[in-house]
Structure formats: structure tokens, C-alpha cells
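Visitor: One structure, as C-alpha cells, below. Some questions next.
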Amino acid sequence: MKDSLQAGLTYQFKFTVSVNKTVPHLYTESALFRQMPEVLATGYLVGLLEWACIEAIKPHLDWPREQSLGTHVNFSHIAATPPGMTITVNVRLDKVEGRKLTFTLSAHDGVDKISEGTHIRHVIDVDRFNAKLSAKAKKLKAE
């Protein structure tokens with residue numbers, strides 16, 4: 001991590017919702033989801049908020065050797081957003097505690113606030129992480 005990764009960092013991210021990011025496309029195996037309205041799926045909102053955080057901190061990491069993984073999400077999804085609308089995500093890095101990063105986020109679709117809350121990510125060393133993941137996979141094969 002670079003010294004520039006500091007609490008107080010802010011970032012704004014924009015994303016236009018496409019049809020393939022709506023509820024019927026979340027788990028196409030589910031007939032229940034396929035029957036639901038074409039609005040931004042909460043599952044895709046989670047990914048969008050994570051993406052905004054990743055973009056915010058990427059210049060402050062030794063990318064791609066260092067990356068970050070989400071470990072906790074705590075935000076609302078309070079308004080529906082149809083395809084074609086652009087979501088603006090505002091990110092603020094509140095705390096840097098070693099490799100643990102705590103963010104406050106809010107998102108607006110141009111008409112309504114659609115989300116607000118907090119998110120925690122941890123900075124990882126990709127090679128070390130992949131080695132642990134490989135060891136875990138080998139344990140499964142050995143069983």
C-alpha cells in the first residue's frame with residue numbers, strides 16, 4: 001500500500017444501468033427472479049458499490065500485486081432504478097487500520113437516493129492469497 005492511501009480519500013463513480021443488470025438477469029436459473037421487474041438488482045448494486053471502492057483505492061495500491069476484497073457490506077437499497085438511468089456512487093474512505101479499509105458510500109440515480117451505508121475491504125497480496133486458496137482447494141480434493 002502506498003502512503004497516499006489515507007482516511008478522507010473521496011471518489012465519485014458513475015454507471016449506467018443496462019437491462020442485463022436487472023433482477024430477471026441476476027440468477028437466470030431462478031424462475032422467480034426471471035418473473036420480477038426489470039430494475040437494478042440488489043446483487044448488482046452490491047457489486048457496483050464494491051467496484052466504486054476498488055476504483056477509489058486502486059491508484060494507492062501496488063496494483064496488480066495488491067488488490068482488495070470485500071469482507072462486510074452494510075447498505076440499504078431504498079429505491080428502484082430502471083435500465084438507462086445513471087447511478088452516481090460517492091465513496092469516502094473513513095478508516096485505514098493496517099490492511100482493513102472502512103468506507104461510507106451513497107448512491108443516487110438522478111431522481112432518488114438509492115443506497116447508503118458502509119463497506120469494509122481488506123488489502124491482499126494476490127500471490128499469498130492465491131497460495132492459500134490453492135491449499136484450500138487441495139484439502140477438498142483430498143477428502
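Visitor: Could you list all residues from region 23-38 that are among the aliphatic types (A, V, I, L, M), exposed (fewer than 13 other Cβ atoms within 10 Å of the Cβ) and under 21 Å from Met85 (Cα atoms)? Don't jump to the end; show me each part of the working.
Guide: If we filter region 23-38 for residues that are among the aliphatic types (A, V, I, L, M), which is where we start, we get 23, 26, 31-32, 36.
Adding the requirement that they be exposed (fewer than 13 other Cβ atoms within 10 Å of the Cβ) leaves 31-32.
Hits for region 23-38: nothing passes.
Visitor: Then there's this: Given the structure, is Leu69 farther than 30 Å from Val19 by Cβ, in contact with a helix residue (DSSP H, G or I) (Cβ under 9 Å, 6 or more places away or on another chain) and part of a strand (DSSP E or B)? Even if it seems obvious, please write down each step before you answer.
Guide: Working: farther than 30 Å from Val19 by Cβ: no; in contact with a helix residue (DSSP H, G or I) (Cβ under 9 Å, 6 or more places away or on another chain): yes; part of a strand (DSSP E or B): yes.
Answer is no for this residue.
Visitor: Got at least one residue in region 125-142 being more than 25 Å from Asn20 (Cβ to Cβ) and in contact with a Ser or Thr (Cβ under 9 Å, 6 or more places away or on another chain)? Spell out how you get there, then give the answer.
Guide: Within region 125-142, the subset more than 25 Å from Asn20 (Cβ to Cβ) is 125-142.
From what's left, in contact with a Ser or Thr (Cβ under 9 Å, 6 or more places away or on another chain): none.
Checked against the condition, which is being more than 25 Å from Asn20 (Cβ to Cβ) and in contact with a Ser or Thr (Cβ under 9 Å, 6 or more places away or on another chain), region 125-142 yields no hits at all.
Visitor: Which ones in region 12-56 are among the hydroxyl-bearing types (Ser, Thr, Tyr) and touching a Leu at 6+ places or on another chain (Cβ under 8 Å)?
Guide: Restricting attention to region 12-56, the residues satisfying the condition of being among the hydroxyl-bearing types (Ser, Thr, Tyr) are 16, 18, 22, 27-28, 30, 42, 44.
The answer is Thr22, Tyr44.
Visitor: Tell me yes or no: at least one residue of region 127-142 is outside any strand (DSSP E or B), surrounded by 14 or more Cβ atoms within 10 Å (Cβ to Cβ) and either at pLDDT below 95 or small (Gly, Ala, Ser) (or both).
Guide: The answer is no, given that none of the residues of region 127-142 is outside any strand (DSSP E or B), surrounded by 14 or more Cβ atoms within 10 Å (Cβ to Cβ) and either at pLDDT below 95 or small (Gly, Ala, Ser) (or both).
Visitor: Return the pair list, or none, for Cβ contacts closer than 7 Å from residues in region 5-33 that are within 25 Å of Phe103 (Cβ to Cβ) to residues that are assigned to a helix (DSSP H, G or I) and among the β-branched types (Val, Ile, Thr), at least 6 apart or on different chains.
Guide: Taking only residues 6 or more apart or on different chains, the pairs are Leu5/Ile57.
Visitor: Would you point out which residue out of Ile54, Ile87 is among the aliphatic types (A, V, I, L, M), under 20 Å from Tyr11 (Cβ atoms) and outside any helix (DSSP H, G or I)? Show your work before the answer.
Guide: On the way: Ile54 fails: outside any helix (DSSP H, G or I).
Answer to the check: Ile87.
Visitor: Here's another thing I want to ask about it. Residue by residue through region 60-74, note down the ones that are aliphatic (A, V, I, L, M) and either in contact with a Pro (Cβ under 6 Å, 6 or more places away or on another chain) or without any contact (Cβ under 8 Å) to a residue 12 or more places away in the chain (or both). First the steps, then the outcome.
Guide: First, the residues of region 60-74 that are aliphatic (A, V, I, L, M): 61, 69, 73.
Scanning region 60-74 gives no hits.
Visitor: Quick one: would you say Glu38 is within 17 Å of the chain's Cα centre (by Cα) and under 22 Å from Lys113 (Cβ atoms)?
Guide: Working: within 17 Å of the chain's Cα centre (by Cα): no; under 22 Å from Lys113 (Cβ atoms): yes.
Answer is no for this residue.
The values are calculated or read from the model by the stated rules, or taken from the named source; none is laboratory data. Computed from a prediction, not measured in an experiment: that's the story for all the values here. Cβ atoms come from the backbone with ideal geometry, glycine included; neighbour counts cover every protein chain shown.
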